[in-house]
Each structure stands twice: as C-alpha cells, then as structure tokens.
Amino acid sequence: MTYSHLTLLGIMILETSWEVCNKMGGIYTVLSSRADIMTQHHPDQVVFVGPLLTQDKDALPLDFIDTKDGWLGAWCRDESAKLGLRIRVGRWAVAGEPPVVLVDFHTLEEEKNDLFFQMWKAYALESDKGYGDYDECCLFSVAAARVMESIIHYRGHEENIALFNEWQTAMGLLYLKLQDPSIHSLFISHATTVGRSIAGNDKDLYAWMEHYDGDQMARELSVEAKHAIEKLAAHEATVFATVSKQTAREAEQLLGRRPVVLPNGFRVGSSPFAAHLQAKRRSARRLLSSVASTLYGEAIGEDAFFISLGGRYEYRNKGIDLFIESLYQFSEEYKGNREVVAFLLVPAWEAGARMDLHYLLSHPSEERTQPLQYPCLTHWLYNTEHDRAVCHIRHRGLDRAGQRVKVIFVPCYLNGIDGIFDKSYYDLLVGMDLTIYPSYYEPWGYTPLESIRYGVPTITTNLAGFGLWAEEEETKKPFNKAKHLPVHIVERTDTNVAEAILSIAQLIGLQVSLTPEEALAQRKLAYTLAKEADWKHFYRYYEAAYASMS
C-alpha cells in the first residue's frame, strides 16, 4: 500500500513523548521542529500528547496555547470525563501549532500495582526493578495511551498510527497493544538505555559493541527495568526505529531487533544573513564581549573569536573533557593577538545569577581592572569548589586574566530569564564564530546542526549521527569544492583521546586564522548545508515507515 493510499483512507497520527510541551533535551527539538511539516502533510490528522506536570491551572507551559477549538475541543467535552484523567487540550506554540493534549497521570498512582501486574502477566515485565523516574514515566505513558485510544475511537479513522518516543513512553505502547491490537505503532529509540549507560560509565562502547549482551549489561549497570521495557517496546511495535546508522547498530546489538533509520531533521528557517538575524548576531556579540570583559576585568572587544559548546552536562558523552583539553592545547601553541573566549553553555547545579556580575553589567560606568572571583563563572553553583568543569578549567589555567584564551562556564538554562544574559540559547548561538561538540556518545546531535543553521561552522565527531551524515554530504557539490568546510569531522575511537584533542586544537587554530572573507564564505556554506537537513527532505523517511505498516 502506498503512502498516498494511506492518505486517502484518512490516516490519524498520534504522538507522545515526555518532552511534548516540556523542554528537557533533544527530543523536544525533534518533535517541535517536525510538527510543522506533519501538520502540512496531514492536516487535521495529527495530535501530540504530553505530560501535565502542574496542579496550578494558571501555571501551564509557556509553549501551550490553551484553547478548545475544533474537533479536539469537542472530543474533550464529550469524552474526557469517561477517562477519569485531568487533561487540558490546546495547541503547541511551535511552527504549525499542532493540536495537543496534556494529561495528568498522578491519579493512576492508585492503579499502579494493578497496571504493573498486568504488564508482568502479559509481558513478564518486572517493574519492581525500576527506580528513579521509572514509575512516573510509566504512569504517564499509560495515561497518554488511554488518551490516544479514546481519540482514535472518537474520530473513527480507518488507519491509525501511534508514535512513542524513548523508554519513557514504552509502557504506553505495550498497554495500547493490549487494548487494541489493530492500532499501528512506531517506537523510536533516540538512544538506548544500555548504550548510554555503558558510555556514561567510562566503558568502551564501540570496540566491544559486537560482544555486548544488552540484558547482561543492564544488570551490571542497574538499569534492568528501563532496558527491559525499552526492549519489549522495540519488539512489540509495528515498526521500530532509531535516528542514525550508528545508533541502529547499537540498538540491534543491545535490543535484538534491527530498526529502520529516521534521521532527525530541523526546521531551518530564514537565512542567518537576513537583517533581523544579523542584528541578533551583533547584539549577542556585544553581550558576550561585555560579560567576558566584566568577569576578567579587561577589555575584550566584539571582534574577539567566540567559541561555544552547548548541551547536557554529560562530561564524557558530550565531550566536555575534550573541549577543555583542546582549548588548553590550543592556548599552549597560540601566538596570535586576537582574543579567544570559549563559552561552556551547559546547565549544572546552579545556585543563581552572580549579583556582582549582574550589578557591574547594569552599571557599565563602574570600570574594573581586576578580575572577579571565579572569572570563569557567570552563575554561582552549589558545588562551585567541586564542580568538575570548574576544577578542569582552573587546573588548565584557562581562567586567568591577561591570557589570550579564556573559558567561561554558563551553568544555567538559557531561557531568556537567567539573570545575566537574559537571552535564549539560540540568541547567543547566532553570535558565535565556532562551535565544538567532540561527542563520544551522540546518537544524532542537534547542537552542531543548530549551529550551522545559524551560519556558525562547527567541529563534531564521527561518533555522532549528524557527523556521519555531514561527512557524506560534504563529498557532494558544492561542498566538495570548498576551501573551508563548514563541518569538521574529528575521528574519535575508544582509545584515541590524545589524537582527537590535537586535531581539535589544530582546527581551532585554522578557524581563528581565517580572513574575514574566508570566514564569511564558510558561514554561508554552513547555512547551505543546514538546508539539506530540513524536514522537507527527511520527513519522507517517516512516510515510508507509515506505509510499511499496512
């Protein structure tokens, strides 16, 4: 059956994730950026289901539009009371504004034991081995599945597809299959529980991949319940998928089923050379310059070379260790005059904005010629003296005034109200000259893709799904004729840390030495490459997955 035939039949697509209207990580970017093209291709046939995490009716998520318009509002009025769940319907305030249902799962606490027994009886799932967020995620996913089932029966479409993202929604998939096996399901593993745990526990993931047994490693790493439910969902789903060839290999080995690959696209949007983004770039550079100058007590101009790494605080997986070591290696050899300031944009155990820094930024006439205490920090930490990044930066002397290479750790969520920058992550990213993401474990890697979307060249690795994609794309026109490629791919293995650090340091030197004309040409090429990863190119993989279900 072709996809066009499915469209004629009236396909209904429902998708759930812990990150619907709940920005936690990269899955939020996947779904929120894909929503626009989904609503274009399936008008009035898409609904997202996310968690309702607040009891306060006036404290709904900022990206949730509270409205009961259309058929979803009618469903809510007609059917919600039968579910016995507190729900809110509206639209997700992202491009495409898709319909969304937020569901409060806490009332299912009373049913938890019965639900877990049902899962044990049907699937031999031992939920008693779960801990941490296991129970909460499982209850949410069952609540989401009940909402999806109710909507499907209310709408009466002939073809229905339920999309579940990550282990957090796996129990919902299993529950829905028990209730109505006719509903097609797509389970997307963005990163396997065991693979992430192996990498995060400083074990060699890639050299021994073919020898790892997922169940055995789950027991060793104490992630048995999460791995078990993820593995069950992978096998019980109509279609099992992941986001890159790299992660497909991992998933097949650790979960025992070969997935299809659904690469992550992006809603690329307007050119970074459009007037409004050029203005944002100038504004960002002024602010980066001002913060750096104030912290270090010396004039650091807007013409400084600004570098950043953003993402989660996973020291090895995200390559934070290599980021700092590469900057140190570069600083040891650097003889140039241009200031180089690297920003580590990674949320940590933040204790609030620095009031001394805030005051001085608000009173620019009060000039300082001495650095502040901890000039590498924009926000205080609860564990400042013991924070791994702070200790690493200080150990390498990258927090000393008077040096050409400096590091600034921004340990907060850049949500526009952090108290120092008061800008979003993207509003700072657009001001950078280079980004570095030397990841060890990175199933896809949105951060380097976001970087080139804003015309900022990036360094990533061959262990990132995006890195593998970019490496292949850069063999094609016009990239294969370029003097300076927009994405630099550094080879990483389990054992070549020193070589990778040296390669990154050399690439930093190359970027700093570019002429303004060369840098501009490279930035334009970065945006050209980003457009090749737009969802309008990548959504066809989802369409093929839908078509394969019938």
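Which percent, nearest 5, of DSSP beta bridges in region 275-533 are antiparallel? Before the final figure, lay out each step's value.
Working: 4 of 26 bridges.
Restricted to region 275-533, the bridges split so that about 15 percent are antiparallel.
Which entries of 23/536; 203/245; 23/82 have Cα-Cα distances beyond 26 Å here? Check vs 26 Å cut-off fails for 23/82. Among 308, 182, 141, sorting on how many other beta-carbon atoms sit within 10 Å of each Cβ, with the fewest leading, yields 182, 308, 141. Charge dipole of region 275-533 (Cα centre as origin; +1 on each Lys and Arg Cβ, -1 on each Asp and Glu Cβ, all else neutral): 560 debye, rounded to the nearest 20.
Within the shell of other residues whose beta carbon sits under 11 angstrom from the beta carbon of residue 97, the net charge comes to -2, with Lys and Arg scored +1 and Asp and Glu -1.
For 75, 380, what's the fewest-to-most ordering of other Cβ within 10 Å of each Cβ? Walk me through the numbers on the way to the answer.
On the way: 75 20, 380 17.
Fewest-to-most Cβ neighbours within 10 Å comes out as 380, 75.
When the gyration tensor of the chain is built from Cα positions, what are the square roots of 5 times its three eigenvalues, in whole Å, from largest to smallest? Display every interim value, and only then the final one.
Details: eigenvalues 340, 126, 117 Å².
Rounded to whole Å, the semi-axes are 41, 25, 24.
Checking the a/c ratio against 1.5 first, then a/b against b/c, what shape does the Cα gyration tensor give for region 299-452? Rounded shape, in that the Cα axes give a/c under 1.5.
Taking the Cβ of each residue in 206, 313 as the centre, tally the other Cβ atoms inside 10 Å and list the residues starting with the fewest. Walk me through the numbers on the way to the answer.
Working: 206 19, 313 16.
Neighbour counts put them in this order, fewest first: 313, 206.
A simple spin-label model places the labels of residue 201 and residue 462 2.8 nm from each other, with each point 7 Å out along Cα-to-Cβ. Counted by Cβ distance under 9 Å from residue 407, the other residues give a net charge of +1, where Lys and Arg count +1 and Asp and Glu count -1. Among beta bridges from DSSP that stay inside the chain, the antiparallel ones total about 20%. Choose one of 467, 170, 48: the residue whose Cα lies farthest towards the positive end of the charge dipole of the chain (beta-carbon charges +1 Lys, Arg; -1 Asp, Glu; about the Cα centre). Projecting each Cα onto the dipole axis, the largest value belongs to 467. With a cut-off of 9 Å between beta carbons, the residues surrounding residue 265 carry a summed charge of +2, where Lys and Arg count +1 and Asp and Glu -1. Cross-link partners of residue 335 among lysines, defined as those whose alpha carbon lies under 23 angstrom from its own and excluding same-chain residues fewer than eight positions apart: 406. Each helix, a run of at least 4 DSSP H residues, gives -39500 (n - 2.57); summed and divided by the residues of the chain, these come to -13500 deg cm²/dmol at 222 nm.
Here, each number is a calculation from the coordinates, and none is a lab measurement. Keep in mind the model is a prediction, meaning the values are calculated, not measured. Note that we place each Cβ from the backbone using ideal geometry, even for glycine, and neighbour counts take in every protein chain shown.
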